[in-house]
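A.B. asks: Here it is: the structure, laid out below.
Just so it is clear, none of the values below were taken in a lab; they were calculated from the coordinates. This one's a predicted model, so the numbers in the text were calculated from it and none came from an experiment. Cβ placement follows ideal geometry from the backbone for every residue including glycine, while neighbour counts extend to all protein chains displayed.
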Amino acid sequence: MMARYPDILPASRILHLERSEPKMGMLDNAAKALITPVKLRLTVLQRRHLGKMVQEIIVRHATLTTLSDEALSERVSTLRCELLQQGMQDPLVIDAFALIREAAQRTLGMAHFDTQLLAGLAILRGMVIEMETGEGKTLSATLPAATAALAGVPVHVITVNDYLAERDASIMAPLYRWLGLSIGHITHDIEHGKRPEIYDCDVVYCTNTELAFDYLKDRIALSNAVRPLHLHAETLQGKRNRSHQLLLRGLHFAIVDEADSVLIDESRTPLVISGGDNSTDNGEERMMRQALALAQQLKKVLHFTVDRGEAKIELTEQGKLTVAEIARDYGATWSSPVRQLELARQALSALYLFQLDKHYLIRDNKIQIIDEHTGRVMEGRSWERGLHQLIEIKEGCEVTRARETRARMSYQRFFRRYRHLGGMTGTVKEVSHELLSVYAVPTMVVPSRRASRRINQGTRIFATAEEKWQAVCDRVKTLHESGRPVLIGVHSVASSEHLNEKLNEIGLLHRVLNAKNDSEEAAIVATAGGPGCITIATSMAGRGTDIKLADGVNELGGLHVILTERFEAARIDRQLAGRCARQGDAGSFEALLSMEDYLLERWSGPLTACARSRLLVAPGLRQLLSRWAMQRAQRQQEKVHRKVRRDVCKMDDKMGEILAFSGVTE
């Protein structure tokens, strides 16, 4: 079989076990490209085998339902010893899944369905599974997580934000504790000194960013002593072992929730830890202010061009000459032509590519970055190479000092170091080839337990943004009068605030969920399924958010979702639409878009211009051309993102080779 169970190896901070990355040559890469499609097809055989195991688990579970709690607990203790002695084998895994299923029924009031058993087996064997939204991925994850933990393998259940990590850990805690396992969760507000104790738990729920940065902090603490022998030698010499400074016990088994978001979307941005003094450097600040003043004198087209599709600024030949001419008056720090052009590009990027309430917000007179994937504030994060300071000056905020990079790593390299990797999501088909080629993780689609009642009410595309927002308001008013709850998905904080004003004008009560009020997330989600409730949300509500319908709402047609913009990938649109009609409930969704939407601004072309024309194109044909233009823009954006991910991975590998000469790998 292609996939396998996790290895049972000792877990300690001295060993800090992880997978070593093999050195890949040109022939290795060519062979990998040929074998990848074959491996994808082999998952069909794997699925048949797992299907037989599911039937055996169901039979085994039937024998456990009559046992007392004490007898069942004894079975768990016996199984734990067997797993530690013999390792994970099919008969023991079947026993474990049956026991966990019965324990879930007794502690949570929920027994795993057949499809969840199949999903759990696939994850335990190192696959990423696709399950329809609302099919119970959170409960499915307890099967591989608890089985591996019973076998002594430390498990990290990784998700996309603090809210989901804390929520899932608290909901599933009674099950793990009944099985005799310890459980913890890591969120941004957990102090550094408390983290080692939490990472010592059998199962830890955490976010990808917190976990990856904790790993980088460990690499900084280890410095060159990355091998266990180095740490043992320090102990023999009577030195204080650096393992006491480490947070993690190694990278053993990761179960990645929303795997396409974490392993694909997030991997466009490398992980960077910076250090140094935060106090302002007057010379540096003066140089940044000069750069911004210079950029404000440059004219679009004549001096520079803006490529919104690839989010970059290019200076023209005239622009380069003008920059050099202005820089003559700025002193010795501007003497280098390379530095002149770099500062000019960064300043232009701050002015024209980064927008308030879309890419960042201002809180307590500080710039806080908004994560484009989750819609949440990224606490303590900053942009590199002076960009953050330029935006601070642009917005009149307190200027912080640019800090030195101390450690850097891509998400691709980090997750490939796990000895065993599995995951789950509602949208994986489109990226299955990339997951296998980059992470060596096959994918499997798990069938839905029951037919979805989600109704697609189509797409309407308007000529202007104002027409679109008026149509959204009219549609929301109609749905509100019928008593149905409505979730309106918007692209940015600015869009949410604009729609907030429009709904206030027509007297419709509603709530807004965006990066500015993320502390109210749980309360807003809890009421979003009530009769006539109206919720405006950024992509914060796009993944993992489970909106429970109030009594009587299902009979009215359930939750209705309105998408007001296309996101950078069709997968993300599907995630937002998946907030309705969960777990067999009724629900519907539609898209109300405009030709002035952000995606078309970035990828306007002849087709877009033709679709915008009111004179040359008939109304029916205009709608068709608009849909084609929107689909083309989305495909172009996905293509650019694939290239960025590939470039980040290549750069990371190249940096690793360069740094290897000094004995430092990060």
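A.B. asks: Between Ser223 and Arg4, with labels modelled 7 Å along Cα→Cβ, what's the label distance in nm to one decimal, could you check?
C.D. replies: Calculated label separation equals 3.6 nm.
A.B. asks: Explain nothing, just the number: relative contact order of the stretch 364-506, from Cα pairs under 8 Å at least 6 residues apart, as a whole percent.
C.D. replies: Numbers: 65 pairs, mean separation 16.4, N = 143.
Relative contact order of the stretch 364-506: 11 percent.
A.B. asks: Need the list of lysines near Lys217 for cross-linking: C-alpha distance under 20 angstrom, and skip anything on the same chain fewer than eight residues off.
C.D. replies: Excluding near neighbours in sequence, the set is Lys194.
A.B. asks: Still on this model: Relative contact order (percent) for the chain, with alpha-carbon contacts under 8 angstrom and 6 or more residues of separation?
C.D. replies: Numbers: 1150 pairs, mean separation 103.5, N = 666.
Here the relative contact order equals 16 percent.
A.B. asks: Fewest first, what order do Met88, Met651 take by the number of other Cβ atoms within 10 Å? Mind showing how you got there, number by number?
C.D. replies: Numbers: Met88 20, Met651 13.
The order, fewest Cβ neighbours first, is Met651, Met88.
A.B. asks: Hey, another quick one. The stretch 463-590: D in µm²/s via Stokes-Einstein (Kirkwood Rh, Cα pairs, 37 °C, 0.692 mPa s)? Before the final figure, lay out the partial values.
C.D. replies: Numbers: Rh = 14.4 Å.
The diffusion coefficient I find is 228 µm²/s.
A.B. asks: Antiparallel versus total DSSP beta bridges in the chain: what percent is that, nearest 5?
C.D. replies: Values: 14 of 65 bridges.
Taking every DSSP beta bridge with both residues in the chain, the antiparallel ones total about 20 percent.
A.B. asks: Once R0 is set to 51 Å, what does the formula 1/(1 + (r/R0)^6) return for the Cβ-Cβ distance between Glu398 and Glu466, expressed as a FRET efficiency to the nearest 0.05?
C.D. replies: Values: r = 36 Å, r/R0 = 0.71.
With a Förster radius of 51 Å, E is 0.90.
A.B. asks: Let me ask something else about it. If Rh is defined by the Kirkwood formula over all Cα pairs and Rg also comes from Cα, what ratio Rg/Rh do you get for the chain?
C.D. replies: 0.98
A.B. asks: So how do Arg642, Arg419 line up by other beta-carbon neighbours within 10 Å, fewest first?
C.D. replies: On the way: Arg642 14, Arg419 18.
By the 10 Å Cβ count, ascending: Arg642, Arg419.
A.B. asks: Could you give the size of the charge dipole of the stretch 453-602 about its Cα centre, using +1 on the Cβ of each K and R and -1 on the Cβ of each D and E, expressed in debye and rounded to the nearest 20? Could you put the intermediate results ahead of the total?
C.D. replies: Working: 18 positive and 21 negative charges, 105 e Å.
Dipole of the stretch 453-602, to the nearest 20 debye: 500 debye.
A.B. asks: Please list, or write none, the lysines whose alpha carbon is within less than 26 Å of the alpha carbon of Lys516, excluding same-chain residues fewer than 8 places away.
C.D. replies: Straight-distance partners of Lys516: Lys358, Lys366, Lys394, Lys468, Lys477, Lys502, Lys548.
A.B. asks: List Leu222, Leu487 from most exposed to least, where exposure is judged by having the fewest other Cβ atoms within 10 Å.
C.D. replies: Going from least to most buried by this count: Leu222, Leu487.
A.B. asks: Could you tally the net charge around His373, taking each other residue with its Cβ under 12 Å from the Cβ of His373, Lys/Arg +1 and Asp/Glu -1? It would help to have the intermediate numbers written out before the result.
C.D. replies: Values: positive: Arg268, Arg376, Arg543, Arg571; negative: Glu258, Asp260, Asp265, Glu266, Asp371, Glu372, Glu568.
My count for the surroundings of His373 gives -3.
A.B. asks: Show that you can apply the helix-only estimate: for the chain, add -39,500 (n - 2.57) for every DSSP H stretch of four or more residues, divide by all residues, and state [θ] at 222 nm to the nearest 500.
C.D. replies: Details: 23 runs with 313 residues, N = 666.
Rounded to the nearest 500, the figure is -15000 deg cm²/dmol.
A.B. asks: With the cut-off at 18 Å, tell me which of the pairs Lys429/Lys639; Lys299/Lys320; Lys137/Lys639; Lys300/Lys320 have Cα atoms farther apart than that. Don't skip to the end; give the middle numbers.
C.D. replies: Values: Lys429/Lys639 16 Å; Lys299/Lys320 12 Å; Lys137/Lys639 29 Å; Lys300/Lys320 13 Å.
Table pairs above 18 Å Cα-Cα are Lys137/Lys639.
A.B. asks: Compute for the stretch 277-402: radius of gyration divided by Kirkwood radius, i.e. Rg/Rh, restricted to C-alpha atoms, rounded to two decimals.
C.D. replies: That ratio equals 0.97.
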